[in-house]
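A.B. asks: Mind having a look at this structure? Questions to follow.
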Amino acid sequence: MLTAGFALLTSAVSAQHTYQLRSTIQGLNQAKIFLRKQDNNNARVLTVDTTRAQNGTFSFRRAIPEIDFYTVSVEGVPGQTSFIWDHDVVLTGDTKDLRTAEVAGSPLTDEWKKFQTEVDLPYRDQLMTLYNARQQSPANTAVAERVANEEKRLKQEQMQKVQQYIRTNRTSLLSLFLLNSHWTAFSKADAKALYDQLDPTFRTHSVAKRLERQLW
């Protein structure tokens, strides 16, 4: 069930807002910080802003033309943190690995993380177990066949859950992002049907426009 906050997002999907990101990274000194996002027109990853940490803290404040995914990476720190910038957000972590950093304040990021925990990660773990079994018995054709069959079944089951999520959450912008990420795993007819079911206000978003070019 979607919250009232998500309903508000649909009307403001392409409206420009100014949001702030504040961050505290334990153990961070004067490192350079990179704020990046994908250009939805050509899939290039762009550095949209940079800053330097001061005593372990840094911030970005930007006019956001539309709600979208962004990433933060830190010079000399492994990994990066991804989030959907739909509100002011707070990022906390340490210099061991930025992938473990926490993002607070973004309803859509919370929804995306929940989706990852419930759908993406369980299948990823099962697939990794299969791949390890195949790697341990590279000459065993029976193992290879079993892994191939199970891999196909798991991926089909996962994509069914992705489609179900999109159908159930047609007014969540996350559904547009998921369709953009996974549409090649569906038939084009199914992908078009899922797109047509999404909230019509999403069609002004650059991700939706890219999808339209690919589907029609």
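A.B. asks: Once amide H atoms are placed 1.01 Å from N in the peptide plane, what residues at a sequence separation of 5 or more from residue 170, or on another chain, have their amide H within under 5 Å of its amide H?
C.D. replies: Distant-sequence amide H within range of residue 170: zero hits.
A.B. asks: At a Förster radius of 30 Å, what calculated FRET efficiency corresponds to the Cβ-Cβ distance of residue 134 and residue 90, to the nearest 0.05?
C.D. replies: 0.10
A.B. asks: Related question: Could you list, bin by bin from short to long, the percent of Cα-Cα pairs of the chain in 5 Å steps?
C.D. replies: P(r) over the chain, rounded to whole percents: 1, 6, 13, 15, 16, 15, 13, 10, 6, 3, 1, 0.
A.B. asks: Also, quick follow-up: Spelling out what I want: for every residue of segment 53-70, take phi, set θ = phi - 60°, compute 6.51 cos²θ - 1.76 cosθ + 1.60 (Karplus), and round to whole Hz; glycine and proline get x.
C.D. replies: Each residue's phi maps through the Karplus curve to give 6, 10, 6, x, 10, 7, 8, 10, 9, 9, 7, 9, x, 7, 5, 6, 6, 9 Hz.
A.B. asks: Also, I was wondering about something else. Quick check: net charge around residue 191, other residues with Cβ under 14 Å of its Cβ, Lys/Arg +1 and Asp/Glu -1?
C.D. replies: +2
A.B. asks: How much mean residue ellipticity at 222 nm does the chain get from its helices, if each DSSP H run of length 4 or more adds -39500 (n - 2.57) and you divide by all residues, to the nearest 500 deg cm²/dmol?
C.D. replies: Here the helix-only value at 222 nm equals -13500 deg cm²/dmol.
A.B. asks: Follow-up. Could you pull out the trypsin sites (Lys or Arg not before Pro) across segment 19-91 that fall in loop regions by DSSP (anything but H, G, I, E, B) with no more than 15 other Cβ atoms inside 10 Å?
C.D. replies: Answer in residue order: 44.
A.B. asks: Here is a further query. Please give the FRET efficiency for residue 26 paired with residue 157, using the beta carbon to beta carbon distance and R0 = 41 Å, rounded to the nearest 0.05.
C.D. replies: Here the calculated transfer efficiency is 0.55.
A.B. asks: Further question: What whole-number value in Å² describes the accessible area per residue of the chain for a 1.4 Å probe?
C.D. replies: Per residue, the chain has 54 Å² of solvent-accessible surface.
A.B. asks: Next up: For the pairs 113/155; 32/161; 155/209; 113/152, note any where the Cα-Cα span goes beyond 31 Å.
C.D. replies: 32/161
A.B. asks: Within segment 165-209, what whole-number % of the accessible surface is contributed by carbon and sulfur, with the 1.4 Å probe and all protein chains included in the calculation?
C.D. replies: 50 percent
The values are calculated or read from the model by the stated rules, or taken from the named source; none is laboratory data. Predicted model, so just to flag it, every value in this text is computed and none were measured. Cβ coordinates were reconstructed from backbone atoms using ideal geometry, including for glycine residues, and neighbour counts include every protein chain displayed. Side chains are part of the model used for accessible areas, which takes the heavy atoms of the whole protein and leaves out ligands, DNA and RNA. Shrake-Rupley method; radii C 1.70, N 1.55, O 1.52, S 1.80 Å.
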